[in-house]
Structure formats: structure tokens, C-alpha cells
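**Student:** Could you have a look at this structure, given as C-alpha cells, before my questions?
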Amino acid sequence: MDSSQHNNIKLTSGEITNLWSLYMEDSASVCHFKYYLNTVEDTEVKSVIQYALDISQLHVDTISEIFTQEGYPVPYGFKLNEDVDVNAPKLFSDTYILYFLNNMGKIGLNACSVALPVAVREDVYSFFSQCLKESDNLIKQTNDLLLAKGLYIRSPYLPKPESYDFVKRKSFLAGFFGDKRPLTGTEIINLYSNFQRNALGSATMIGYSQVAQNEDVVNFLLRGKEIAQKHCEIFGSYLNDNDLPSPMSWGTEVTDSTEYTFSDRKMMFYVTSLIALSVGYYGSSMSMSPRRDIGVMYSRLVSEILKFSDDGAKIMIKHGWMEEPPRALDRDELAKK
């Protein structure tokens, strides 16, 4: 179906919102990847950055075209001449960049898997379907490179049971009193993955805090680093109590550069986006953890990062950095005009 056949088929709220969100994310990613191309030293990592940059730029161009054809305003997003100095000194190591790319692939996979089921119009469905494949390919490329370089961090292994079994005692759900049962495989992978994401987030905020210009942003990022590190300690304690290894931290992958690299607006957008993703990851982890103490732990951590996210939104609004997402009409406001 060509674009002329879409003229009488309006975009739904779900399609508009997901296209808008992906535009914001990918316009910010273009800034990241252009800068990383200038600082990366490993040629194999550089080729993956180029691939990620190409697909992010293609997404921005495609969404701009769809919105323009619909007469819908294209988001302002993020721009190379405003939100990044591509010639700034190296802020993160090549290892960090490779893990960053791997994480971006996973974020893209999650976002497109949510967007695809609510995409009805053929061009939008095809677009998100292609985005899903590209995210899958980015994950595969980075996984292969991490494995080849001996950098891939595998989650813990589980013993092989002799046969299947069924839960026989209600203590399976306990966790506050008496003996705590060992962690299930689902609980382990969630604790391990949440540790990894927070470790990468902590390193990101360490680097960002070094190059941030605004005092509000610096303080926010330093607070975020402390929260992420604390969450790593909590997740690590559950793993250690079960004689399971914790993943590594990433603080040493940040250089000592303090020169302007990214705009405060772009860094705040990226960090608040990560916080929003964490809420979803924690909520999912809570729903898959039968042990009550783990569920309560996730609930407490969600409350903490929701407060942190709210404070971040206030900073962005205060400085005029928050671009308003698609929303319904305010009929009461219209009636007063």
C-alpha cells in the first residue's frame, strides 16, 4: 500500500503516541551515536555504532515523513547542533559503549513489541515490524561481539533437577519469617538483570554529572547515581544470600573528562526515560516473584524511583526542557475560548 492510500485512514492515538515516543528516543540516539563514532577506538565496535546510527536516523526520517503527510507536527526532539558536541573528549570506554548499544537494542525491542500490537495502519505496522527486526539484529551483533571479546556477562547457572516437581508447602510464598526458600530461576534473572541495568545507569550518571552545566541537573544526577548503586547493593544481597554471583559495576569505564559533551536537556531526557523503564522492569519483576519479601522490596524501590522521576520532571519543566507528548483535547479549556 503506497502513501496515497493512507489519506483517508487516520492515525490512532496508540500509533501517534508510539511514533512520537520513538522519534524522541531516536533523535536523542542519533546524538549519542554521532559522538560515539568520534570517540570509539575499537573498529569492530565502531561498525556496530554505525549500524545503530543508520537505523536511528532512518526511524527519524520515516516518522517525520509519516507525520508530515498527516499534517501532524513533527516533534522538536534533539538536534546535533544543539544537544551534543561530537568533538568532545572521550567520556566513556569502548566497553561501556558496547554495553550501551546492547541495552539500547533491548530497549528498542521492548518499545516496538508494545507498539506493534496497537499499530493498525499498514505503513505503521510495517514500520514497527521492521524496527523490531532491527532491534533484534542490534542485540545479536552486540551479543556476538561481547562474547568474542570475553566481555559478555552471563546470568547464573542452575542445577539440573532429576525430574519435575510440584510446590507442596505454602512456605514457598513466605520470605519474612522462618526459612526462606532458594530463589527461583525467574527471580534470579530479574535480580541479575536489574542489577546490570542499575550498574550501567550508575556509570551513565557518573559520566553525565561530570559534564552537566546546570546545578539542578548535577545534583539530580549525583542523587540518581546513589540510588542506582543502592539498588545494586540490594539486588546483590539477594543473590549473595543464595551463593550466586553478582554482575560487575561500570564506574571504571568512565573517563575523567569534564568538558561539555551533551546538553543538560538531552541528558535529563535520557535519564528520566531510563527511570520510566525501571518502573516497568520492577513492576514486571514484582509480578513474577512469588516470595513475598521480594515483592515488597520491589514495591518499595518503585516508590523511591517514582519520587525521583517526579523530581526530574519538575526540573525539566522548570527549565522548559520537557516537550509535551500527544494528548487528548481539553474540552473545558476549549469551551472557555
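The values are calculated or read from the model by the stated rules, or taken from the named source; none is laboratory data. Every value quoted in this text rests on a predicted model; they were computed, and no experiment measured them. Here the Cβ positions follow ideal geometry from the backbone for every residue, glycine too, while neighbour counts run over all protein chains shown. The protein model used for the area step is the full one, side chains on, heavy atoms only, and it has no ligands, DNA or RNA in it. Shrake-Rupley method; radii C 1.70, N 1.55, O 1.52, S 1.80 Å.
**Student:** Across region 242-257, which residue is farthest from F195 (Cα to Cα) among those that are touching a residue at least 24 places away in the same chain (Cβ under 8 Å) and of a type in the set (D, E, K, R)?
**Tutor:** My answer is D256.
**Student:** So which of S289, S278, S303, S299 is within 30 Å of L11 (Cα to Cα), open to solvent by less than 80 Å² (accessible area, probe 1.4 Å) and out of contact with any strand residue (DSSP E or B) (no Cβ under 7 Å at 6 or more places or on another chain)?
**Tutor:** Only one candidate qualifies: S278.
**Student:** A follow-up question, please. In region 239-273, which residues are in a helix (DSSP H, G or I), open to solvent by less than 40 Å² (accessible area, probe 1.4 Å) and modelled with pLDDT of 90 or more? If you could, list the steps in order and put the result at the bottom.
**Tutor:** Step one: filter region 239-273 for residues in a helix (DSSP H, G or I), giving 239-241, 251-253, 264-273.
From the residues that got through so far, the ones that are open to solvent by less than 40 Å² (accessible area, probe 1.4 Å) too are 239, 251, 253, 264-273.
Of everything in region 239-273, those that are in a helix (DSSP H, G or I), open to solvent by less than 40 Å² (accessible area, probe 1.4 Å) and modelled with pLDDT of 90 or more turn out to be L239, E253, D264, R265, K266, M267, M268, F269, Y270, V271, T272, S273.
**Student:** State whether one or more residues within region 150-170 are at negative phi, assigned to a helix (DSSP H, G or I), among the hydrophobic types (A, V, I, L, M, F, W, C) and out of contact with any Leu (no Cβ under 6 Å at 6 or more places or on another chain).
**Tutor:** Looking for residues that are at negative phi, assigned to a helix (DSSP H, G or I), among the hydrophobic types (A, V, I, L, M, F, W, C) and out of contact with any Leu (no Cβ under 6 Å at 6 or more places or on another chain), one finds none in region 150-170, hence no.
**Student:** Somewhere in region 289-296, is a residue part of a helix (DSSP H, G or I), aliphatic (A, V, I, L, M) and farther than 29 Å from F92 by Cα?
**Tutor:** There is at least one residue in region 289-296 that is part of a helix (DSSP H, G or I), aliphatic (A, V, I, L, M) and farther than 29 Å from F92 by Cα.
**Student:** Can you find even one residue in region 54-71 that is open to solvent by 60 Å² or more (accessible area, probe 1.4 Å) and of a type in the set (F, W, Y)? Reasoning before the result, please.
**Tutor:** Narrowing region 54-71 to residues open to solvent by 60 Å² or more (accessible area, probe 1.4 Å): 54, 57-58, 61, 65, 68-71.
Now restrict to residues that are of a type in the set (F, W, Y): none.
The answer is no; no qualifying residue exists.
**Student:** Return a yes/no flag: does region 319-326 have any residue that is of a type in the set (G, A, S) and either open to solvent by less than 40 Å² (accessible area, probe 1.4 Å) or farther than 29 Å from V30 by Cα (or both).
**Tutor:** Within region 319-326 (the criterion being of a type in the set (G, A, S) and either open to solvent by less than 40 Å² (accessible area, probe 1.4 Å) or farther than 29 Å from V30 by Cα (or both)), the answer is no, since none of the residues qualifies.
**Student:** Whether any residue in region 183-193 is closer than 30 Å to D85 by Cβ and open to solvent by 20 Å² or more (accessible area, probe 1.4 Å) is what I want to check. Before the answer, list the steps.
**Tutor:** The first filter runs over region 183-193 and keeps only residues closer than 30 Å to D85 by Cβ, leaving none.
There is no residue in region 183-193 that is closer than 30 Å to D85 by Cβ and open to solvent by 20 Å² or more (accessible area, probe 1.4 Å).
**Student:** Taking L80, is it crowded, with 18+ Cβ neighbours inside 10 Å and either at pLDDT 95 or above or in contact with a His (Cβ under 6 Å, 6 or more places away or on another chain) (or both)?
**Tutor:** In short, no.
**Student:** Evaluate the following for N137: is it buried (at least 17 other Cβ atoms within 10 Å of the Cβ) and either farther than 22 Å from I294 by Cα or within 18 Å of the chain's Cα centre (by Cα) (or both)?
**Tutor:** Judged against the criteria, N137 is not a match.
**Student:** Give me a count of the residues in region 226-235 that are surrounded by fewer than 20 Cβ atoms within 10 Å (Cβ to Cβ) and either of a type in the set (K, R) or under 24 Å from P182 (Cβ atoms) (or both). Before you say what the answer is, go through the steps one by one.
**Tutor:** Here is the first cut: in region 226-235, the ones surrounded by fewer than 20 Cβ atoms within 10 Å (Cβ to Cβ) are 226, 229-230, 233-234.
Now narrow it down to the ones that are either of a type in the set (K, R) or under 24 Å from P182 (Cβ atoms) (or both): 230, 233-234.
Count: 3.
**Student:** Sticking with this structure for a sec: Would you confirm, using the coordinates I've provided, whether D332 is assigned to a helix (DSSP H, G or I) and either open to solvent by less than 80 Å² (accessible area, probe 1.4 Å) or of a type in the set (S, T, Y) (or both)? So that I can check it myself, show each step before the final result.
**Tutor:** Values: assigned to a helix (DSSP H, G or I): yes; either open to solvent by less than 80 Å² (accessible area, probe 1.4 Å) or of a type in the set (S, T, Y) (or both): no.
For D332, the condition - assigned to a helix (DSSP H, G or I) and either open to solvent by less than 80 Å² (accessible area, probe 1.4 Å) or of a type in the set (S, T, Y) (or both) - is not met.
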